[in-house]
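Single-structure report; data block below.
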Amino acid sequence: MKTEFESQDIEQIAQRVSELIRPMVLNTVRNEEKDHIFDVKGLSEYLLVDPSWIYKQVSLRAIPFFKTGKYSRFRKRDIDKWIESNATRPIPPLKLTKAKG
């Protein structure tokens, strides 16, 4: 059995397949970003801080890291979680009420 399709039917099929696989492709890209490993220099550039600050945080064990021999390394996903957990949340504005009296 042989079926022939019109070009517009093929275009609609291709468009639907594209819609269905798009979330999978985007998820793969996000996972690759999360698996990025920084060295001290790379992390200092990512966080816009001096490398000495990174060394200090490692010595205080205040930042997530792992060792590769004598070198400290940092997973981007761990650093991003650390940033989120250390973020200061804004204080909601106070509502001013007129005192009765």
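The values are calculated or read from the model by the stated rules, or taken from the named source; none is laboratory data. Please read these numbers as outputs of a predicted model, since none were measured by experiment. Counting neighbours? That spans all protein chains shown, and the Cβs are built from the backbone with ideal geometry, glycine included.
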Worksheet item: Any chance region 51-61 includes a residue that's assigned to a helix (DSSP H, G or I), free of Cβ contacts under 8 Å to residues at least 60 places away in the same chain and of a type in the set (D, E, K, R)?
Response: yes
Worksheet item: Do the conditions hold for Tyr46, that is, is it under 20 Å from Glu84 (Cβ atoms), at pLDDT 85 or above, hydroxyl-bearing (Ser, Thr, Tyr) and not in a loop (DSSP other than H, G, I, E, B)?
Response: yes
Worksheet item: Among the residues of region 82-101 satisfying the criterion of being exposed (fewer than 10 other Cβ atoms within 10 Å of the Cβ) and among the aliphatic types (A, V, I, L, M), which is farthest from the chain's Cα centre (by Cα)?
Response: Ala99
Practice prompt. Looking only at region 56-74, count how many residues are closer than 14 Å to Gly42 by Cβ and either surrounded by fewer than 17 Cβ atoms within 10 Å (Cβ to Cβ) or over 22 Å from the mean Cα position of the chain (by Cα) (or both).
Written response: 3
Worksheet item: Tell me, which residue of region 75-101 that is among the small types (Gly, Ala, Ser) and part of a loop (DSSP other than H, G, I, E, B) is farthest from Leu47 (Cα to Cα)?
Response: Gly101
Practice prompt. Search region 1-38 for residues being β-branched (Val, Ile, Thr) and within 29 Å of Arg73 (Cβ to Cβ), and hand back the single one that is modelled with the lowest pLDDT.
Written response: Val29
Worksheet item: Quick check: is even one residue across region 62-71 part of a loop (DSSP other than H, G, I, E, B) and touching a residue at least 40 places away in the same chain (Cβ under 8 Å)?
Response: no
